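The values are calculated or read from the model by the stated rules, or taken from the named source; none is laboratory data. Predicted, not measured: the structure shown is a model, and the values here were computed from it. Heads up, the Cβs are rebuilt from the backbone with ideal geometry, glycines too, and the neighbour counts pull from every protein chain shown.
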Amino acid sequence: MAEFVDRHTDPVYAYVRHRLLPRTDLVDDVVQDVFLAALEGLSRFTGESSLRVWLLGIARHKVEDCYRARLREPESMSELDHDSMAAGDCPVFEEMIDRARLEQKTSDILRQLPVAYSVALLWRYWELRSTKDMAASTGKTEKAIERILARARAHFKQLWEGS
């Protein structure tokens with residue numbers, strides 16, 4: 001078992017981390033869930049794909065489970081209260097720097113948002129999930145998901161403009 005986990009941890013960890021950014025605090029738990037599920041289901045592995053592909057499929061489902069769980073959590077009152085609230089030389093390099101800065105600012109702001117908001121935004125815009133699909137996956141209504149997304153976008157915009 002240890003060899004199995006050791007051999008496949010890096011690609012699974014990288015995949016999960018990439019999908020959960022900026023919520024890196026959730027990565028270790030999700031990776032652990034992936035390997036627990038894999039070890040429980042190893043006897044059902046048919047070999048139709050590589051072991052790595054099979055593990056990454058489990059990881060994809062565990063990331064979605066994480067999104068669902070975070071969105072199912074009720075919003076706390078503090079989260080609700082918070083809602084009221086030399087240019088020509090190297091253009092490609094400068095574009096890369098600008099993009100990196102935007103990505104860093106976005107990541108920083110997502111980290112500052114309540115977990116439900118950052119997860120909702122990531123699920124909607126990173127994973128390209130529809131509000132209908134998000135609602136079905138979480139047991140919430142589409143209107144509830146739309147409200148969460150509207151609050152999340154407003155809070156994100158407020159933090160973006162304030163920084």
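Results, tabulated for the structure shown:
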| quantity | calculated |
| --- | --- |
| Filtered residues of the range 58-89 (kept if in contact with a helix residue (DSSP H, G or I) (Cβ under 6 Å, 6 or more places away or on another chain) and modelled with pLDDT under 50) | D83 |
| Filter result (among the acidic types (D, E) and either surrounded by 12 or more Cβ atoms within 10 Å (Cβ to Cβ) or in contact with an Asp or Glu (Cβ under 7 Å, 6 or more places away or on another chain) (or both)) within the range 121-163 | E127, D133, E142, E146 |
| Residue, surrounded by the most Cβ atoms within 10 Å (Cβ to Cβ), within the range 36-67, restricted to residues that are part of a helix (DSSP H, G or I) and β-branched (V, I, T) | V63 |
| Tabulated pairs, the range 39-52, first within 18 Å of M1 (Cα to Cα), second assigned to a loop (DSSP other than H, G, I, E, B) and not aliphatic (A, V, I, L, M), C-beta under 9 angstrom, 6+ apart or interchain | L51/F45 |
| Residues being within 20 Å of the chain's Cα centre (by Cα) and either of a type in the set (G, A, S) or in the same structural domain as R129 (by TED's automatic domain parsing) (or both) - total across the range 29-69 | 4 |
| Condition met for D33 (closer than 29 Å to Q112 by Cβ, at pLDDT 90 or above and surrounded by fewer than 14 Cβ atoms within 10 Å (Cβ to Cβ)) | no |
| Residue list for the range 8-25, restricted to those being in contact with a Leu (Cβ under 6 Å, 6 or more places away or on another chain) and modelled with pLDDT of 90 or more | V12, Y15 |
| Selected residue (criterion: nearest to I58 (Cα to Cα)) from residues of the range 15-39 that are in contact with a Ser or Thr (Cβ under 9 Å, 6 or more places away or on another chain) and among the aliphatic types (A, V, I, L, M) | V31 |
| Every pair of residues 6+ apart whose Cβ atoms lie under 8 Å, when the first sits in the range 139-153 and is among the small types (G, A, S) while the second is in a loop (DSSP other than H, G, I, E, B) and at pLDDT below 95 | A152/L113 |
